[in-house]
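Derivation of every value follows stated rules applied to the coordinates shown; laboratory data play no part. Model, not experiment: these values are computed from the prediction. Counting neighbours? That spans all protein chains shown, and the Cβs are built from the backbone with ideal geometry, glycine included.
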Amino acid sequence: MLKNKSFWKLFIPFTSLLCLSLTITGYFASTIIKGHHAGPLAGNQASDIKSLVVYILFAFVITGIIGFIVIKINTSPLLNITQTAKNFARGNFTGKVEVACSGEMRDLADAINTMGAELQARTQIILDDKNKLDAIMSNMREAVVTTDYQERIILINNSAQAMFGLSKVEINKDYLWEKIRNEKVCRLVRELIMSSGKAENGSRPEKVVEIEILSPGKKLLQMHLSPIQIDKVTYGILLVFHDITELRKLENARREFVANVSHELRTPIATIKGYVETLLENKETSEETLREFLGIIMKHTQRLDNLIEDILQLSKLDSSDLKMELHELELYGCIENIFSHYKEHCVKKDQTIELDMPPSLPAMETNEYLLRQLLTNLLDNAIKYTPNGGRIRLKVETVDNTIRFEISDTGIGIAQEHLSRIFERFYRVDPSRSREMGGTGLGLSIVKHIVNLHHGVVKVDSNVGAGSKFIITIPRHQPRYAA
Ligand SMILES: Nc1ncnc2c1ncn2[C@@H]1O[C@H](COP(=O)(O)OP(=O)(O)O)[C@@H](O)[C@H]1O
Ligand SMILES: [Mg+2]
């Protein structure tokens, strides 16, 4: 303490002042006492004592004022520093210590100011990091939840709240099992907490599992669980959920498609193989049988050709390149051209086919190839599923800003229970009849694909024995998306 300059700064003036006051008081006291001994007038004694009291009071007042000023000057930087340090403790780093003096108080003020600036910079870094983390967490598509070892939720992002339909979660208070009511999730988290506690040599017993949730909607999720260290003393479990519902549906659809394709290919190939083998084994086949067998082989080859053509068509539609090729197309001439090929077909089956289309038909944003595929598939079906003597009609008109195609026939019709499924790949109302006619079961799914590509709608209206009507509405101009 004795080495401290501040101490001496306070101590020296204070002691000096005290000495001064005592000296003055002593001086006045001695003067009065001397005067008292010199003139023994009893009447002056009382006034002398009074003067002595006044002098002493005067000396104390002067000492007090000077002392106050001296101490105030010496302690004000300290008060200033204390106030600034308190502000820093509250997280307010805006103020600075202003000290006019030099020496140790100056050094302390500078140290406090440097500390404030340093703290402010560090706090800013922490805040920036937190903001970054918040931004990433709230914009992530994956759902993220973190719990501590007591299973209390200590972090949850927006996706997780939406995925599990949670409106409000109190961080560090709510338990995982209170909010995510899924037995498998809670059990796995508990197991992982137990095994992480036992895990030695820093091994991290991570887990990846699939779970199904039913609320707020049925979803299939892939869940990654891993133990994490949150801070020096807190450990927890990090849960990341990916919604794989659509992915799994796609995988299943693809698997089913491959199985269907194999099945569809097997029959014609087996038939062709059987007939070719018979022909090879029987060297003396009559001309008539030979022709008959070759006819059958030809029919099945055609079936294979149709199938491969349709599969290629679908895979082409699945790739995104075609979307770029849509352009303004004059419909009238194009549709007339497509339609003209069908007249011949219908004559053979004694069917009436008519085209109802105004010459003023405006252009539409499409592509000739796609339009041909669309109409061909629908007209093929209409002709195929309409008995001899029936009627087929193609009507094209403008409705508001759309083009409406209506393909109607007086054919066998489709029962109500099949209507919702006929656009599925390989779905046929009567599979053997369709195959017999060279059908692949893919025509209407190609139609649906093309309509979707044009942001259009397809509807079907049909009655068994009375005929079917397919109505397609396509916007004349495709919506533009910002790049
Ligand atoms: N105009 C129609 N009249 C009656 N049934 C139809 C018609 N169009 C389609 N269908 C039914 O829908 C099924 C699916 O049609 P599509 O995908 O074109 O396959 P397919 O190769 O069998 O023609 C057909 O098998 C048929 O049962
Ligand atoms: Mg068809």
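Rounded to the nearest 20 debye, the dipole magnitude of region 135-227 is 160 debye, with +1 charges on Lys and Arg beta carbons, -1 on Asp and Glu beta carbons, and the Cα centre as origin.
Each listed q (0.07, 0.09 Å⁻¹) maps to a log10 I(q)/I(0) for the chain, found by the Debye formula over equal Cα scatterers with no solvent: -0.72, -0.92. For region 408-458, the mean projected area of the C-alpha convex hull, equal to one quarter of the hull surface, is 4.0 nm². If you wrap the tightest convex hull around every Cα atom of region 271-381 and split its volume per residue, you get 132 Å³. In region 322-483, the ratio of gyration radius to Kirkwood radius, Rg to Rh, stands at 0.96 when only Cα atoms are counted. In the chain, helices alone account for a calculated mean residue ellipticity at 222 nm of -19500 deg cm²/dmol, with every DSSP H run of four or more residues adding -39,500 (n - 2.57).
In terms of the mean number of neighbouring beta-carbon atoms within 10 Å, the peptides 450-457, 263-270 order highest first as 450-457, 263-270. Remark: relative contact order (the chain) = 8 percent; criterion is Cα-Cα distance under 8 angstrom and separation of 6 or more residues. The relative contact order of region 410-478, computed from alpha carbon pairs under 8 Å that lie at least 6 residues apart in sequence, is 40 percent.
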